Every structure is written in structure tokens, then in C-alpha cells.
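The values are calculated or read from the model by the stated rules, or taken from the named source; none is laboratory data. It should be emphasised that the depicted structure is a prediction, and the values quoted were computed from it without experimental measurement. Don't worry about glycine lacking a Cβ; one is built from the backbone with ideal geometry, like all the others, and counts go over all protein chains shown.
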Amino acid sequence: MKRLNRILAEIAKTHLNIPTLRTRRSDRLDFHEVSVWGVRTALKAAFDAGSANAPAVLQLLRACQMVVDRWEKGDLAEAARACSSAIDRLGKPIAAAKARSDLPTPFNVYEIHGVREFGRGKSKYCEQVPDDEAQFWSLYGHIPGQGAECIGDFKSREFAEEVYARITGEPYDA
């Protein structure tokens, strides 16, 4: 259970900017406003953590069944070795999935928005606008705890979505 709590706390911290999942008996500290895309990436991270552990969990369940079988036959030494080995392997998938510390913080969410240029000369600026008013589309990546960074500007929403798919390996689903 401690391991699960550590995983969930890391997901909350990384994807929802919630520093702890401990109850602190303060509305200001215990209630958080989070974005839907943050919730989505947190749920995906939890799913991925579970999926990464599925083979090891299955192996652990088989080892536990072996313990029962060996118990019934009186051979607990072999059962204990198999169970211990399965438990050791259960910890490895999540540790391997952690980000490398020598790399920048990865984007956890992406957004595509229509953009229009306003003003002239030195007073030129860009604003997010509805797609039907856009001159171009920008792809943004969200960095946990830091905000959004524009990755690129594209002539069409379709091209921005194509680049998103190339980066993530998934279709863009706004």
C-alpha cells in the first residue's frame, strides 16, 4: 500500500501540481482547482503505471498460487523463493519509467489554438481566437508547474494536429 501511495502522490505532484495527498484539514490546502487536461494526463499516468505492472502482478499472483499449492504439499522453501522473486520484479517497471534527471521536464499536455496577428510594426501582437478567425494555429506544450510553451505555428489546424500526432504517437483529441 505504501508503494501505491508513493505512485499516486508522484502522479498528483507531476500532473496536477498537488504537492501532497495527505489530508491537512484546511480547505486552502486540501482542495485544488485543476484543469481537465491535467486530470486526463494524471488518469493516463495512473493507467500506464498499472499497465506497466500488469505482467509483474500476474507473475506475483501465480507465485502466490504456488505458495498455496506448496503449502498444501508442505514445500514452502520453493514457494517463498518464487514469491520473493516476483515481488522484486514488481518494483522494476515503475522505476524504469521515471524521467531522466539530466533532461528538461517533459510536456504533460498539449493544446492547439487558432491565433491571429493584430497591430502593425513594433506594436504587432498575437492573440488566441476562434478557429474561424484564425490566421494560423499554434501547438503548445504544458510544462508542469511552469505553464505553456509554444512549440510551433502552422498554416492549418490539420497540420498542427499532424505534428502533435508525430510527437505523441496519438491523434489529437481536443
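Listed residues Ala160, Ala148, Ala95, Ala134; which is under 27 Å from Thr14 (Cα atoms) and at pLDDT 90 or above? Please lay out each step first, then the result.
Values: Ala148 fails: at pLDDT 90 or above; Ala95 fails: at pLDDT 90 or above; Ala134 fails: under 27 Å from Thr14 (Cα atoms).
None of the other options fit; the residue is Ala160.
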Quick one: is Ala77 in the same structural domain as Leu8 (by TED's automatic domain parsing), at pLDDT below 70 and loosely packed, with under 11 Cβ neighbours inside 10 Å?
yes
Do you know which residues across segment 99-131 are surrounded by 14 or more Cβ atoms within 10 Å (Cβ to Cβ) and assigned to a loop (DSSP other than H, G, I, E, B)?
Phe107, Asn108
